[in-house]
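The values are calculated or read from the model by the stated rules, or taken from the named source; none is laboratory data. The structure presented is a predicted model; accordingly, all values stated were derived computationally and were not measured. When we count neighbours, we look across all protein chains shown, and the Cβ atoms used for this are built from the backbone with ideal geometry, even at glycine. What goes into the accessible areas is simple: the full protein's heavy atoms, side chains included, and nothing from ligands, DNA or RNA. Shrake-Rupley method; radii C 1.70, N 1.55, O 1.52, S 1.80 Å.
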Amino acid sequence: MDGTKIYISAEIPFNLAHPMTSNNENTRFYQDRSKELAAQATNLSYLTENISLLRDVIRFHENRYYVMNDPLVSDAEFDQLYKALEKTEAANPQLITTDSPTQRVGPGMTKQFKTVQHLVPMLSLENSYDAADLLEWDRKARELAGLEQLAYCVEPKFDGASISLVYENDLFSRGATRGDGVEGEDITLNLKQIKSIPLSAAFSKYGIQQAEIRGEVLINKQNFQQFNEQLLEQNLPPLANPRNAASGSLRLKDARMVGKRNLEAFIYHIAYLNVTTTHKEIPSHSKSLEMLWELGFRSPVHEKKVFNGIQGVIDFCKDFEAKRDELPYEIDGLVIKVNELALQEKLGMTTHHPRWAIAFKFKARQSTSKLLQVGYQVGRTGSVTPVAKIQPVPIGGVTVASISLHNQDFIREKDIRIGDTLLVERAGDVIPYIVKSFPELRDGSETAIVFPSACPVCNTALVKTEDEAVWRCPNDGCDAQVVERMIHFTSKDAMDIRGLGDAIIRKFHELGWLKDIPSIYNLPLDELRKMEGFGAKSVTNISEAIEKSKTQPLYRLINALGIRYVGETTAKTLAQAVSHLLDLATMDKESLQKIDDVGVKVAESIQQYFSNPSNVDMLKKLEAAGLQLQSVHQPPVDGNLKGKSFLFTGTLYKMKRSEAEALVEANGGKILSGVSSKLDFLIVGEDAGSKLEKAKKIASIQILDEDGFIKLIH
Ligand code: AMP
Ligand code: ZN
């Protein structure tokens with residue numbers, strides 16, 4: 001190749017580096033330009049004149065946010081710049097470049113992914129599991145290299161979906177899945193949705209004309225959890241692990257949906273380079289990670305570590321495994337690579353894996369185990385949840401012995417029988433999950449799971465309404481429900497009585513000290529002091545926490561009662577609507593429904609609760625014990641949302657839902673918990689559920705997306 005073709009992704013002032021280059025001078029330059037452009041955000045002719053600078057400023061901020069994890073502007077400031085670019089491009093379509101930050105958004109749906117060939121095959125890795133494996137591998141590597149000692153670069157083994165990216169003349173031109181290693185699927189449009197993958201990168205600065213680079217796409221634990229919560233909200237079973245979520249997301253037919261999954265891409269390998277004469281050889285793997293970082297890729301520069309000799313590597317592997325759960329994303333091990341690239345070449349590869357690299361695998365987080373029997377847990381509202389008791393297996397450092405089977409539908413879908421072998425997974429902080437059963441391993445002795453018809457605790461016949469997937473015990477006095485209600489009552493979001501945890505409540509219930517909620521305020525502290533395991537200090541702590549709970553605001557008490565359909569949000573509106581909690585007992589369904597956020601279902605549930613004399617009796621006992629049943633009204637906040645009510649559905653991607661709700665309240669608005677004619681605004685995020693359908697049928701509700709909401713606030 002000759003060095004004639006030098007493409008520069010945007011008109012970069014010649015004395016400055018690319019917007020992704022992270023030196024202080026560069027940062028100041030783009031930060032200053034950012035402010036200037038923001039000040040001119042409505043000046044179309046200024047923006048048009050400076051359009052390529054505007055694009056670079058946006059690239060700079062994207063890099064700070066998505067790659068460096070260290071944004072320099074607020075989301076709103078970034079949006080302002082982005083909108084300005086959109087507007088400028090709309091007015092001057094001839095100025096749009098293929099790598100403009102606006103061009104991530106693809107056109108509609110992919111029907112079928114094309115098969116494409118990788119420039120260099122994507123190999124697998126050899127695995128190691130302990131120090132002995134690593135020592136043996138090191139011995140062979142040194143022998144092949146003919147050296148006494150080798151330098152190794154160690155980095156995380158990201159647990160996601162592997163990808164290959166091709167850049168030509170600085171432009172991202174093709175992205176593919178690994179496939180069978182030789183051929184993969186062309187998922188370019190989907191990969192353009194991932195903001196940590198730059199649409200252009202200044203490879204030409206390094207004399208590189210074409211590059212194929214490799215990496216892994218992941219979804220971090222927090223986004224994964226949020227995604228699963230949404231599935232649960234829609235009564236869908238959650239995804240088993242972040243890896244499945246990432247690879248599934250990459251193969252979605254609608255590229256815009258990919259963008260909303262908040263995927264991240266780590267790039268850790270340069271597989272192929274086509275260079276010009278100005279190219280200087282890269283000496284080592286660690287240097288290539290640094291180069292990728294400089295080019296704007298999220299390479300593991302900060303995670304990697306270089307060691308001389310294998311002993312340091314072995315120690316590092318042990319330490320890292322212990323800290324595995326502290327990372328925001330999943331890794332399944334570390335990869336150890338001979339650092340010097342010339343030596344990598346010398347060592348070469350087998351048909352299966354390179355000889356210069358090895359994976360050190362952490363303890364598996366999946367395991368198979370036998371389903372021994374099914375138990376049934378009764379919740380606070382009487383719901384009966386089947387729980388699988390399995391042959392205890394260690395998974396990712398803990399022993400798993402029981403796992404939720406959710407409900408009958410889950411059991412049916414996964415085709416689970418007693419005696420079956422199950423594949424069980426526990427990823428990080430995620431609760432254990434049954435991935436699948438193995439019907440092919442059955443020997444005929446397996447038996448169907450038969451749901452009980454009576455409560456396993458109090459023997460009352462179970463009931464099930466048509467619109468629910470769960471069976472319930474209808475007996476309010478059921479011991480299991482009584483205990484669960486007390487656990488809910490004392491929990492953090494309710495009365496927040498520290499020191500009275502699940503186990504202690506169960507124990508005190510067995511001892512006969514806690515038989516209902518009021519008995520919490522009547523604990524025999526003298527007896528408690530005599531008990532083994534309770535020092536004077538812990539008894540004082542418990543008694544102080546109980547005392548303190550008496551002054552909790554009314555909405556916490558309402559939430560703590562565990563009235564069905566009355567969560568924290570509704571509890572807040574109820575507390576505002578009455579002057580004393582027992583006012584609710586005197587209200588009929590119609591007047592209850594006049595309260596914001598209270599629909600038919602909620603009103604019925606409240607009425608049912610207060611028409612039960614034992615509940616009213618209990619509340620009177622609580623009041624006598626000194627609890628706060630009076631409502632202390634707060635004057636409404638003044639603000640531009642005053643008097644307006646809001647509800648959120650689906651995932652927001654610019655802020656957390658709790659932040660958005662706080663924003664509403666800070667501006668004088670209030671949050672409702674369901675769709676009704678009392679609702680003014682429904683804010684719709686990604687994967688909105690049934691609330692949206694319901695709201696569409698009520699003409700007075702304004703439906704806004706996240707951007708519309710942000711506009712409304714400002
Ligand atoms: P395995 O699929 O268990 O054979 O492991 C090989 C795969 O690990 C590769 O194909 C990559 O997709 C993936 N991998 C994750 N992180 C790295 C890394 N830092 N270096 C190399 N491969 C990695
Ligand atoms: Zn029961």
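Remark: region 140-150, residue by residue, has Karplus-estimated 3J(HN,Hα) of 5, 5, 5, 4, 4, 7, x, 10, 6, 8, 10 Hz, where x stands for each Gly or Pro and the curve is 6.51 cos²θ - 1.76 cosθ + 1.60 at θ = phi - 60°. Classify region 251-343 from the C-alpha gyration tensor, please: rounded if a/c falls under 1.5, else prolate or oblate depending on whether a/b exceeds b/c. Cα axes put region 251-343 in the oblate bin. Placing a label point 7 Å from the Cα of residue 168 along the Cα-to-Cβ direction, the residues of region 190-221 whose backbone N falls under 16 Å of that point are 200-201, 203-204, 208-213.
The label-point distance for residue 632 and residue 290, in a model that sets each label 7 Å from Cα toward Cβ, rounds to 5.9 nm.
Counting only protein heavy atoms and using a 1.4 Å probe, the accessible area of residue 205 comes to about 110 Å². For region 592-690, the relative contact order is 33 percent, taking Cα pairs closer than 8 Å that sit 6 or more residues apart in sequence and dividing their mean separation by the residue count.
Remark: C-alpha extents of the chain on the principal axes read 90, 68, 53 Å, sorted largest to smallest.
Our note on the geometry: Cα centres of region 220-294 and region 43-71, 22 Å apart. Working from label points 7 Å from Cα in the Cα-to-Cβ sense, the residue 699 to residue 620 distance is 4.9 nm. When a/c is below 1.5 the answer is rounded, else prolate if a/b is larger than b/c, else oblate, so apply that to region 299-399 with a ≥ b ≥ c taken from the square roots of the Cα gyration tensor eigenvalues. Note, shape of region 299-399 comes out prolate. Over the residues of the chain, the helix contribution to mean residue ellipticity at 222 nm works out to -10000 deg cm²/dmol, using -39500 (n - 2.57) for each DSSP H run of at least 4.
Projected label points at residue 527 and residue 551, each 7 Å from Cα along the beta carbon direction, are separated by 2.9 nanometres. Sorted largest first by accessible area at a 1.4 angstrom probe radius, with every protein chain in place, the residues 329, 521 fall in the order 521, 329. With unit charges on the beta carbon (Lys/Arg positive, Asp/Glu negative), name the residue among 124, 156, 194 whose Cα is farthest towards the positive pole of the charge dipole of region 99-204. The residue sitting farthest along the positive end of the dipole is 194.
Over region 364-451, accessible surface divided per residue gives 48 Å², non-protein components excluded, 1.4 Å probe. When the convex hull of its Cα atoms is viewed from all sides, region 400-516 shows a mean projected area of 10.2 nm². Phi angles across region 471-479 convert, under the Karplus curve 6.51 cos²θ - 1.76 cosθ + 1.60 with θ = phi - 60°, into 3J(HN,Hα) values of 8, 10, 8, x, 8, 4, x, 4, 3 Hz, Gly and Pro given as x.
Take residue 61: with every protein chain present and a 1.4 Å probe, its accessible area is about 10 Å².
Taking amide H as placed 1.01 Å from N in the peptide plane, residue 669 has its amide H under 5 Å from the amide H of 641, each at least 5 places away in sequence or on another chain.
In terms of accessible area, using a 1.4 Å probe and ignoring ligands and nucleic acids, 64, 485 rank largest first as 485, 64. Judged by the gyration tensor of its Cα atoms, with axes a ≥ b ≥ c, region 377-461 is oblate; a/c meets the 1.5 cut and b/c is at least as large as a/b. What does the charge count near residue 514 come to, summing +1 for each Lys or Arg and -1 for each Asp or Glu among other residues with Cβ under 13 Å from its Cβ? Surrounding charge for residue 514 is -2. Rounded to whole Å, give me the distance from the Cα center of region 688-714 to that of region 123-167. Taking the Cα centre of region 123-167 as reference, the centre of region 688-714 is 52 Å away. Summarising the strand pairing of the chain, around 85 percent of its internal DSSP beta bridges are antiparallel. For region 454-573, what is the convex hull (Cα atoms) projected area averaged across all directions, in square nanometres? Spelled out: convex hull of the Cα atoms, projected over all directions, averaged, 8.5 nm².
Just the number, please: carbon plus sulfur as a percent of the accessible area of the chain, 1.4 Å probe, no ligands or DNA/RNA counted. Whole-percent figure for carbon plus sulfur exposure: 51.
Rounded to a whole number of µm²/s, how large is the Stokes-Einstein D of region 177-336 at 4 °C and 1.567 mPa s, given Rh as the Kirkwood radius over C-alpha pairs?
Here the translational diffusion coefficient equals 73 µm²/s.
For the chain, the longest principal axis of the alpha carbon atoms and the long axis of helix 285-294 meet at an angle near 70°.
When the residues 653, 376 are ordered by accessible surface, computed with a 1.4 Å probe over the protein chains alone, the sequence from largest down reads 653, 376.
Centre-to-centre, using Cα atoms only, region 313-386 and region 74-115 are separated by 37 Å. Of 644/697; 530/620; 195/361; 304/337; 656/697, which sit over 21 Å apart, Cα to Cα? The pairs that break the limit, which is 21 Å between Cα atoms, are 530/620; 195/361; 656/697.
Leaving ligands, DNA and RNA out of it, work out the accessible area of residue 356 with a 1.4 Å probe and give it in Å² to the nearest 10. Its heavy atoms expose roughly 30 Å² to the probe.
Just to be sure I understand the curve: with the Debye formula and one point per C-alpha of region 115-245, what is log10 I(q)/I(0) at q = 0.09, 0.15, 0.18, 0.22 Å⁻¹? Here log10 of I(q) over I(0) equals -0.42, -0.96, -1.10, -1.22.
Of the residues 247, 282, 320, the one whose Cα sits farthest towards the positive end of the charge dipole of the chain is 247 (charges of +1 on Lys and Arg Cβ, -1 on Asp and Glu Cβ, taken about the Cα centre).
Helix 310-322 axis versus longest C-alpha principal axis of the chain: approximately 30°, rounded to the nearest ten. Kirkwood radius, region 37-175, all distinct C-alpha pairs, inverse of mean reciprocal distance: 19.9 Å. Taken over region 563-694, the percentage of Cα pairs per 5 Å bin, counting from 0 up to the bin with the maximum distance, is 2, 10, 17, 21, 18, 13, 10, 6, 2, 0.
By the Cβ-Cβ criterion of under 4.7 Å, the unpaired cysteines of the chain are 153, 317. For the chain, the dipole from Cβ point charges (+1 on Lys and Arg, -1 on Asp and Glu) about the Cα centre works out to 580 debye, to the nearest 20.
A cut-off of 5 Å between modelled amide H atoms, ignoring neighbours fewer than 5 places along the same chain, links residue 383 with 473.
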